[in-house]
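Supplied in structure tokens, the structure appears directly below.
The values are calculated or read from the model by the stated rules, or taken from the named source; none is laboratory data. What you see is a predicted model, and the numbers here were worked out from it, not measured in a lab. Here Cβ is always computed from backbone atoms with ideal geometry, including for glycine, and neighbour counts include all displayed protein chains.
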Amino acid sequence: MIGGIVAEIAAEMAAIADRGTVAGYIPPLARVPVDKFGLAVVMADGTLHMAGDAEEAFSIQSISKVFALTLALGAVGDQLWKRVGREPSGSAFNSIVQLETEHGIPRNPFINAGAIVVCDVLLGRLRPREAIGQMLRFVRELAGDDDTIRIDETVAQAEQDTGFRNMALANYMRAFGNIHGDVGMVLGTYFHFCALAMSCRQLAMAGRYLMDGGRVASETGPHRVITESRARRINALMMSCGHYDNSGDFAFRIGLPGKSGVGGGILAVAPGIASIAVWSPGLNEAGNSHLGQLALEWLVQRTGWSVFEPRAG
Ligand code: GLN
């Protein structure tokens, strides 16, 4: 049944003319054709359903903030929360406004300022090259994938060349003492994380640990990535903060933990049921995939997977 729904939604999306606007702030993203659409769903039993351009790699951008947070919690545990909050910002992903009154403590780890602090935390123990290598190994392992997941250096360089707002955020937080390391190195790491290129299939596979209480099934049995309570909390943050100032609307329409990126990808999690990745590069005004959200909305309507759906037991 789910295989049919996935195929049906991809076919319906292909017929929609209003696809949003592709991110234009860097040429490698601006070049991506607006008619791309991919959907991949990995079920708790490991079965995989895909449609459209689900095997084509795209820039995962801010979806990497989920993996960076997972690594940072593994490195420093709950100490992290002294430096990053857990509240939705109600502001754009790259906004600086709240940092002044909130003394350089970003509202949450999924806005740019928060993710930059997360990178600084990772660099407390590693050099940039090591942190980037650790991230790449981590997502490859989570996806159960070979070496095809990579960092697109053209994207990383373009982020670096145009990242003036991110530089402002990092320097501003440095002034408050909430960036400890070298600002250039922290941003270089952040830009490389944003430049991870993955397909919907790889992303849905990588999200399995959030579907399954912090574990991933492997040939040798379940492998624990993070504790159950951390997986639950990351899902809570994805639900409340994963779509910036559009997070309330995402919860309202879709009712799943989700994280978007300006490359047009969304990773969504139906705990205990499925890990879902969708990609359509046209964005809405908040910088979230327009058709990606619509596809997820139709998917939950047809499957009843919203976490707010009454469940037996
Ligand atoms: N590279 C983008 C930035 O830092 C990522 C933002 C996003 O995906 N929302 O501005």
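Here are the criteria: (1) among the acidic types (Asp, Glu); (2) modelled with pLDDT of 95 or more; (3) away from the ligand (no atom under 12 Å from the Cβ). Tell me which single one residue 146 does not satisfy.
(2)
Output the residue which, of all residues in the stretch 244-273 that are closer than 27 Å to residue 159 by Cβ and among the aromatic types (Phe, Trp, Tyr), is nearest to the ligand (Cβ to nearest atom).
By that ranking, first place goes to 244.
Show the residue pairs that are 6+ apart or on different chains and have beta-carbon atoms under 6 Å apart, the first residue being within the stretch 142-166 and under 17 Å from residue 130 (Cα atoms) and part of a helix (DSSP H, G or I), the second being at pLDDT 95 or above and within 12 Å of the ligand (Cβ to nearest atom).
156/191; 156/192; 156/195
If you scan the stretch 58-89, which residues turn out to be within 18 Å of residue 137 (Cα to Cα) and touching an Asp or Glu at 6+ places or on another chain (Cβ under 8 Å)?
59
Quick check: anything in the stretch 60-68 of a type in the set (Phe, Trp, Tyr), over 24 Å from residue 135 (Cβ atoms) and modelled with pLDDT of 95 or more?
Filtering the stretch 60-68 down to residues of a type in the set (Phe, Trp, Tyr) leaves 67.
Now restrict to residues that are over 24 Å from residue 135 (Cβ atoms): none.
Among the residues of the stretch 60-68, not one is of a type in the set (Phe, Trp, Tyr), over 24 Å from residue 135 (Cβ atoms) and modelled with pLDDT of 95 or more, which makes the answer no.
Can you work out which of the residues in the stretch 23-34 that are β-branched (Val, Ile, Thr) and away from the ligand (no atom under 13 Å from the Cβ) is nearest to residue 294 (Cα to Cα)? Show your work before the answer.
Looking only at the stretch 23-34, we keep the residues that are β-branched (Val, Ile, Thr), and these are 26, 32, 34.
If we keep only those that are away from the ligand (no atom under 13 Å from the Cβ) as well, we get 32, 34.
On the way: 32: 20, 34: 15 Å.
Per the stated criteria, the residue is 34.
Just wondering, is there one or more residues in the stretch 147-161 that are out of contact with any helix residue (DSSP H, G or I) (no Cβ under 9 Å at 6 or more places or on another chain) and among the hydroxyl-bearing types (Ser, Thr, Tyr)? Full working, then the answer.
Start the filter on the stretch 147-161 by keeping residues that are out of contact with any helix residue (DSSP H, G or I) (no Cβ under 9 Å at 6 or more places or on another chain), which leaves 161.
The next check asks that each one be among the hydroxyl-bearing types (Ser, Thr, Tyr); those that pass are none.
No, the conditions are met nowhere in the stretch 147-161.
Okay, next question. Look at residue 164 and say whether it is surrounded by fewer than 22 Cβ atoms within 10 Å (Cβ to Cβ), among the hydrophobic types (A, V, I, L, M, F, W, C) and more than 20 Å from the chain's Cα centre (by Cα). Outline the logic, then answer.
Working: surrounded by fewer than 22 Cβ atoms within 10 Å (Cβ to Cβ): yes; among the hydrophobic types (A, V, I, L, M, F, W, C): yes; more than 20 Å from the chain's Cα centre (by Cα): yes.
Yes, satisfied.
Which residue, of 170, 175, 206, is over 28 Å from residue 276 (Cβ atoms) and touching a Leu at 6+ places or on another chain (Cβ under 8 Å)?
Of the residues listed, the single one that is over 28 Å from residue 276 (Cβ atoms) and touching a Leu at 6+ places or on another chain (Cβ under 8 Å) is 170.
From the list 46, 3, 24, pick out the single residue that is assigned to a helix (DSSP H, G or I), modelled with pLDDT of 95 or more and surrounded by fewer than 15 Cβ atoms within 10 Å (Cβ to Cβ).
Working: 46 fails: assigned to a helix (DSSP H, G or I); 24 fails: assigned to a helix (DSSP H, G or I).
None of the others qualify; the one that does is 3.
Another one. Among the candidates 72, 44, 57, 68, which residue alone is under 13 Å from residue 265 (Cα atoms) and small (Gly, Ala, Ser)? Break it down into steps so the answer makes sense when it comes.
On the way: 72 fails: under 13 Å from residue 265 (Cα atoms); 44 fails: under 13 Å from residue 265 (Cα atoms); 68 fails: under 13 Å from residue 265 (Cα atoms).
On inspection, the qualifying residue turns out to be 57.
In the stretch 73-114, which residues are within 17 Å of the chain's Cα centre (by Cα), part of a helix (DSSP H, G or I), more than 11 Å from the ligand (Cβ to nearest atom) and closer than 23 Å to residue 163 by Cα?
Within the stretch 73-114, 114 is the sole residue that qualifies.
Given (1) in contact with a Leu (Cβ under 8 Å, 6 or more places away or on another chain); (2) surrounded by fewer than 20 Cβ atoms within 10 Å (Cβ to Cβ), where does residue 235 come up short, assuming only one miss?
(2)
Among 132, 116, 96, 111, which is surrounded by fewer than 20 Cβ atoms within 10 Å (Cβ to Cβ), touching a residue at least 60 places away in the same chain (Cβ under 8 Å) and β-branched (Val, Ile, Thr)?
Details: 132 fails: surrounded by fewer than 20 Cβ atoms within 10 Å (Cβ to Cβ); 116 fails: surrounded by fewer than 20 Cβ atoms within 10 Å (Cβ to Cβ); 111 fails: surrounded by fewer than 20 Cβ atoms within 10 Å (Cβ to Cβ).
One residue alone meets the criteria, 96.
Here's something else I'd like to know. When the stretch 206-230 is examined, which residues are found to be over 22 Å from residue 23 (Cβ atoms), crowded, with 24+ Cβ neighbours inside 10 Å and in contact with a Gly (Cβ under 9 Å, 6 or more places away or on another chain)?
If the condition is that a residue be over 22 Å from residue 23 (Cβ atoms), crowded, with 24+ Cβ neighbours inside 10 Å and in contact with a Gly (Cβ under 9 Å, 6 or more places away or on another chain), then 211 is the only one that fits.
Scan the stretch 274-312 for residues that are surrounded by fewer than 21 Cβ atoms within 10 Å (Cβ to Cβ), among the small types (Gly, Ala, Ser) and either closer than 13 Å to residue 6 by Cα or in contact with a Leu (Cβ under 9 Å, 6 or more places away or on another chain) (or both) and report the count.
1
Looking at residue 94 and the list (1) under 14 Å from residue 190 (Cα atoms); (2) at pLDDT 95 or above; (3) not aliphatic (A, V, I, L, M), which single condition is not satisfied?
The one condition residue 94 does not meet is (2).
Do you know which residues across the stretch 264-313 are closer than 15 Å to residue 49 by Cβ and of a type in the set (D, E, K, R)?
Passing the criteria: only 302.
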